[in-house]
Amino acid sequence: MATWTTDDIPGQSGKLAIITGATGGLGLETALALAGGGAEVILAGRNETKGRAAEALIRKRHENAQVRFEIADLASLASVTAFAERMLAAGRPIGILVNNAGVMALPKRETTVDGFEMQLGTNYLSHFALTAHLLPLLTAAKARVVQLSSIAHRGGKIRLGDLQYEQGYKPWPVYSQTKLAMLMFALELDRRSAENGWELTSVAAHPGAASTDLIANGPAMGGGLTTWLGRAAMKVIGHSAADGALPQLMAATMPSVTGGQYFGPQGWRELKGAPGPGKIAPQAFYAEVAAKLWTASERLTGTTFRQTAQSG
């Protein structure tokens, strides 16, 4: 197919889109494109100052944009639940959910307010809980649900005996586990949607090596040479946040997308380039592991997809 760009996004008028981590980077670029396409966009994030600035930027770019910021701290299940309850009270069907927010390779093991290892809690468990809470509104719109994964998922392993890495914490293996979990979540949600008649289109995407704040807020938190090298490397091997957002925009909007697909850049090692089909590592297809991860995620977050759908 010809190179796919934001110009190829079909009209999104009438759709409600929710994007987590939408106050900067990939999330903001995704919000800009969806708002430009006519969708009503909710920017879900933890920083109200950045959220209001993102609102203003989107309205500056798209004068008639329907956009608003809502507090949703992905490091807090209570905040995620409160956000979801506001959405459920409003009762508006959600056409697109992009679970984009995340942290990367934190040098030292940290925990969320719920006691989860920070990367697992922020990148994966809160998104699992959010999707579960919003299921009634997602099914009402036969929604697209997009999970943000990474090329790092290829080196990931789901450590079922110690998901929280209470023993032997290492930044990159933990990050890789969370991104494998997000991809497996997308595939398992697709299977369960088919089994339960939810009519969701559950997909995943990755940005390649995109220039965002992830490096500065993760592996480069020590500053100095590490920060400089990370930024320099990105300029050589990576691409912009706007280009990095294209795979998840393709996943969220392209009419021909089907459940279980995965999108990423098409260049060398999928680090940059035009968006298209991504390569899924074999371990992402381990159905037994995915089922056990799903059960563990329900237990840890206190959410159950089927019960949430019935109660909605």
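The values are calculated or read from the model by the stated rules, or taken from the named source; none is laboratory data. These numbers were taken from a predicted model, which means no experiment stands behind them. Methodologically, a virtual Cβ is constructed for each residue, glycine included, from the backbone with ideal geometry; neighbour enumeration extends over all protein chains shown. Ligands, DNA and RNA are excluded from the accessible area calculation, which covers all protein heavy atoms including side chains. Shrake-Rupley method; radii C 1.70, N 1.55, O 1.52, S 1.80 Å.
Remarks
- Looking only at region 88-117, and only at residues there that are β-branched (Val, Ile, Thr) and within 20 Å of the chain's Cα centre (by Cα), the one that is surrounded by the fewest Cβ atoms within 10 Å (Cβ to Cβ): THR111
- Candidates are the residues of region 266-297 that are part of a helix (DSSP H, G or I) and touching a strand residue (DSSP E or B) at 6+ places or on another chain (Cβ under 9 Å); the one that is modelled with the highest pLDDT is ALA284.
- Taking the criterion of being open to solvent by less than 70 Å² (accessible area, probe 1.4 Å), among the hydrophobic types (A, V, I, L, M, F, W, C) and farther than 16 Å from LEU57 by Cβ, the residues of region 1-32 that qualify are TRP4, ILE9, LEU16, ALA17, ILE18.
- Being open to solvent by less than 20 Å² (accessible area, probe 1.4 Å), within 24 Å of THR253 (Cβ to Cβ) and more than 13 Å from the chain's Cα centre (by Cα) is a condition met by no residue of region 118-126.
- Per-region count, region 241-251, residues touching a helix residue (DSSP H, G or I) at 6+ places or on another chain (Cβ under 7 Å), part of a helix (DSSP H, G or I) and surrounded by 24 or more Cβ atoms within 10 Å (Cβ to Cβ): 3
- Scanning region 206-265 for residues that are of a type in the set (D, E, K, R) and either under 17 Å from the mean Cα position of the chain (by Cα) or at pLDDT 60 or above (or both) returns ASP213, LYS235, ASP243.
- Residue in region 33-46 that is most open to solvent (accessible area, probe 1.4 Å), counting only those that are of a type outside the set (Asp, Glu) and under 19 Å from ALA84 (Cβ atoms): ARG46
Okay, residues lined up against (1) assigned to a helix (DSSP H, G or I); (2) at pLDDT below 95; (3) more than 18 Å from the chain's Cα centre (by Cα):
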residue: LEU134; (1), (2), (3): yes, no, no
residue: THR139; (1), (2), (3): yes, no, yes
residue: GLN147; (1), (2), (3): no, no, no
residue: LYS157; (1), (2), (3): no, no, yes
residue: GLY161; (1), (2), (3): yes, no, yes
residue: TYR165; (1), (2), (3): no, no, yes
residue: VAL174; (1), (2), (3): yes, no, no
residue: THR178; (1), (2), (3): yes, no, no
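- Identity of the residue in region 134-157, out of contact with any strand residue (DSSP E or B) (no Cβ under 8 Å at 6 or more places or on another chain) and crowded, with 24+ Cβ neighbours inside 10 Å, that ends up nearest to ALA251 (Cα to Cα): SER150
- Criterion (among the hydrophobic types (A, V, I, L, M, F, W, C), at positive phi, in contact with a helix residue (DSSP H, G or I) (Cβ under 7 Å, 6 or more places away or on another chain) and touching a residue at least 12 places away in the same chain (Cβ under 8 Å)) met by exactly one of ALA105, ALA181: ALA105
- Which listed residue, of TYR175, TYR165, TYR169, is touching a helix residue (DSSP H, G or I) at 6+ places or on another chain (Cβ under 8 Å), among the hydroxyl-bearing types (Ser, Thr, Tyr), farther than 19 Å from PRO207 by Cβ and in contact (Cβ under 8 Å) with a residue 40 or more places away in the chain: TYR165
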